[in-house]
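Beneath this line is the structure, given in structure tokens, with notes to follow.
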Amino acid sequence: MGRVIDLLLLVAMIVGAVITYDMKHKAEIAADRVARLEANIASERDKIRLLNAEWSMLTQPARLQAVVDKYADYFQLQPFSPDQVAAIDEIPLRPQGAHGDAERTLARIAAGERVR
Amino acid sequence: MTALDPPTMSPPLAAAVPRRLRWTWRYADGGRGRLRIAAAAFALVYLVIIGRLVTFGLDASAAGGGAVDPNAAVATSRPNLVDRNGEILATDIKMSSVYAEPRNILDPDEAAELLSSVLPDLDTRALRERLAGKAGFTWVKREITPAQQKEIHSLGIPGIGFLTENRRFYPGGPLASHIVGLVNVDNQGIAGFEKYVDDHWLGALHQAGFARSEQLQPVRLSIDVRVQHILRDELANAMDKFSAIGATGIVLDVHTGEVLAMSSLPDFDPNDPVNALKPDRLDRMTAGVYELGSVFKSFTFAMALDSGAVTLNDRVDATHAIHFGRFTINDFHPQHRVLTVPEVFIYSSNIGAAHMALKVGGDTQQAYLKRFGFFNELKTELPETAAPLIPPKWSDLTTMTVAFGHGLAVTPLQVAVADAALVNGGLLIPPTFRPRTRTEADKLARRVVKPLTSDQLRYLFRLNVVKGSGRHANVPGYMVGGKTGTAEKVVDGRYSANHRLNSFLAAFPIDHPQYVVLVVLDDPKRAKTGGGTTAAWNAAPAVAAVIRRSAAILGVEPRPDDAAAALLVSN
């Protein structure tokens, strides 16, 4: 009886050791992976910062103005004048009839609805 | 001797006890007490360990908190500075630098050759000499691109390594240089908003070693890069067209005190600040004090109407110049007749303004100027400010000259802030470069003139643009109101007739003002295309251009002009 218990305890100990070792090993692998991922995240973050900086440089109003000036002839671009600005409810609706659908759509837009 | 004491049990008795019983005995008796104590102690220790593990497991924030990357701590990180819409004004970018440890380099010739294949601008011979030396450390090249770093890394030369450093980058270059400011080589703010951030919290954070880039939230400013660009672009145009030596301008929200745009030319590129410390690069808006001339008449009218010394229906005699000792006060556009109060404003009569100021009286005038904030240094987030130059003695002559903007030198920012108070219903709101809501602004606001005075001033400003010297500032649809100022500059201690400081102070839309725009040109000349040299010819059109281009961005809806005319008639 005593031997059986000793044996059982021995087996339990070996099993415990194996499980512990396995867990430790897995934890080490996981830790390595975490470290690698963290390094990747850090490098991605740096890249994002760099790209954001580049985007911001490319969308600088001064640069856009230079580009617009350069291609003004091609795109026929002109600064708008204040009388070209209007709110949507200032646009007159089309007369009743053939364009009833369009009119309803416009009314829905004017009511603040989202129209596909 | 008791039965509960096995170790002292005599051998004959032990032999007499059966084996089975002996076993139970050994464990069941005497030893049991001590065993229990030991077991309990071990159990306690394990419980503590388990408990601690559970708390670690539950407390997610503790995970990985202990590890600080020394590299990140060395390269002092700064938060991004962004405009009111989140566009980047200043950001950190990581730059790698290559270094070498010559002692660990096996073959200096080969190393130098390989390195120069990636970095062709390096002097191969000098590099070889340095690598062949016995030094422990030498820089090969600072701030290389990520692609170059990758190439050098894949060359696998022993004794070559990389260090990352944070470098401050301003995507807009000189766009908002005076607002954003500068950092030094250690990435510490030394001017403008960068210095404000350091002085307030970032400096302490750096010292404690907590400033890491991913943990720093971007800092939002009140400016709008689009409006900022328009203002700077138009100032540059005006400076070029009128050969001015300097120009400065501001767009200010009259209800919140937020600065939407502020520029001072010539400026500098904070990415390469070699020029930043030249004296002509100072921020003329906040750190330069000027006698701004006739725009000051706005304040003389405000105090005259507000104190009741003068009403809009009064008349002022501007027939003759005023002689005072050896001084003569004259008009630039002399009418030689009795003027109504609105006429004094639109003809910008110095004589009329001087008479009105005398009616107000020197003491009341000083009290009002103090209330408008002209006697104190105006503090903002920016460290660069200047104190006004106040005449030491306030005589009647001082009262008269200050009435049309000579004798008292203030910063243009002070004028813009006080003008916002004149048009927003009479509330002086301290300016800010950080976003501020209307509720927050209302708490800071201080009443300086009655709402009625504000209404009357708005009428005068609009009248001046419709009929007076401000005609070139009109923008159809946006109802601009404003006042010109053409001041003679002091050259060698005397007022010079040939050197001027021209300004235009405007608010729009004048019936419900939302923004104040001030443009000041330093010593503009006559344009090649003709025209005059007064503010009506250079500062006023510059303001008009800024408003025309930025009103839609600022969210001001244009209205047909006949509505504007109707308002003027009804007043």
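Scanning the stretch B:311-321 for residues that are over 40 Å from the mean Cα position of the chain (by Cα) and of a type in the set (A, V, I, L, M) yields B:Val316, B:Ala318, B:Ala321. Taking B:Gly64 as the residue in question, decide whether it is modelled with pLDDT under 90, out of contact with any Lys or Arg (no Cβ under 7 Å at 6 or more places or on another chain), loosely packed, with under 11 Cβ neighbours inside 10 Å and at positive phi. It is true that B:Gly64 is modelled with pLDDT under 90, out of contact with any Lys or Arg (no Cβ under 7 Å at 6 or more places or on another chain), loosely packed, with under 11 Cβ neighbours inside 10 Å and at positive phi. If you filter the stretch A:58-80 down to residues that are more than 8 Å from chain B (Cβ to nearest Cβ) and of a type in the set (Ser, Thr, Tyr), you find that the one that is nearest to the chain's Cα centre (by Cα) is A:Tyr71. Considering the stretch B:463-478, and only residues there that are open to solvent by 10 Å² or more (accessible area, probe 1.4 Å) and within 32 Å of the chain's Cα centre (by Cα), the residue that is farthest from B:Gly532 (Cα to Cα) turns out to be B:Pro476. Put simply, of A:Leu58, A:Leu50, A:Leu7, A:Leu37 the only residue that is surrounded by 10 or more Cβ atoms within 10 Å (Cβ to Cβ) and closer than 30 Å to B:Arg549 by Cα is A:Leu58.
What are the residues in the stretch B:74-104 that are open to solvent by 20 Å² or more (accessible area, probe 1.4 Å) and assigned to a loop (DSSP other than H, G, I, E, B), if any? The answer is B:Thr76, B:Asn80, B:Arg84, B:Asn85, B:Gly86, B:Glu87, B:Glu101. Summed over the stretch B:222-250, the residues that are among the β-branched types (Val, Ile, Thr), surrounded by 24 or more Cβ atoms within 10 Å (Cβ to Cβ) and more than 14 Å from every other protein chain (Cβ to nearest Cβ) give a count of 2. Looking at the structure I just gave you, is B:Ile144 surrounded by 20 or more Cβ atoms within 10 Å (Cβ to Cβ) and farther than 30 Å from B:Ser264 by Cα? No. B:Ala276 passes every criterion in (1) at pLDDT 90 or above; (2) open to solvent by less than 20 Å² (accessible area, probe 1.4 Å) apart from (1). Does B:Gln456 count as of a type in the set (S, T, N, Q) and farther than 21 Å from B:Leu501 by Cβ? So B:Gln456 passes the test.
Of all the residues in the stretch B:155-175, those that are among the basic types (Lys, Arg) and either touching a Ser or Thr at 6+ places or on another chain (Cβ under 9 Å) or not in a strand (DSSP E or B) (or both) number 1. Beta carbons closer than 6 Å, at least 6 apart along the sequence or on distinct chains, pair a first residue in the stretch B:122-133 that is under 15 Å from B:Ile157 (Cα atoms) with a second that is open to solvent by less than 40 Å² (accessible area, probe 1.4 Å) and not in a helix (DSSP H, G or I) for B:Leu131/B:Ala100; B:Leu131/B:Ile105.
Scanning the stretch B:140-174 for residues that are touching a helix residue (DSSP H, G or I) at 6+ places or on another chain (Cβ under 9 Å), touching a residue at least 60 places away in the same chain (Cβ under 8 Å) and within 11 Å of another protein chain (Cβ to nearest Cβ) turns up B:Thr164, B:Asn166, B:Arg168, B:Phe169, B:Tyr170, B:Pro171, B:Gly172, B:Gly173, B:Pro174.
Candidates are the residues of the stretch B:279-300 that are open to solvent by less than 30 Å² (accessible area, probe 1.4 Å) and either hydrophobic (A, V, I, L, M, F, W, C) or not in a helix (DSSP H, G or I) (or both); the one that is modelled with the highest pLDDT is B:Phe299. Of the residues making up the stretch B:545-566, those that are at pLDDT 90 or above, within 12 Å of chain A (Cβ to nearest Cβ), open to solvent by less than 10 Å² (accessible area, probe 1.4 Å) and part of a helix (DSSP H, G or I) are B:Ile547, B:Ser550.
Within the stretch B:532-541, the set of residues being open to solvent by less than 10 Å² (accessible area, probe 1.4 Å) and in a helix (DSSP H, G or I) comprises B:Ala539, B:Ala540. Quick check: anything in the stretch B:437-451 in contact with a Lys or Arg (Cβ under 6 Å, 6 or more places away or on another chain) and surrounded by fewer than 24 Cβ atoms within 10 Å (Cβ to Cβ)? Checked the stretch B:437-451: at least one residue is in contact with a Lys or Arg (Cβ under 6 Å, 6 or more places away or on another chain) and surrounded by fewer than 24 Cβ atoms within 10 Å (Cβ to Cβ).
The values are calculated or read from the model by the stated rules, or taken from the named source; none is laboratory data. Please read all numbers here as calculations on a predicted model, not as lab measurements. Cβ: placed from backbone, ideal geometry, glycine included. Neighbour counts: every protein chain shown. For the accessible areas, the whole protein counts, side chains as well, though only heavy atoms, and no ligand, DNA or RNA atoms are used. Shrake-Rupley method; radii C 1.70, N 1.55, O 1.52, S 1.80 Å.
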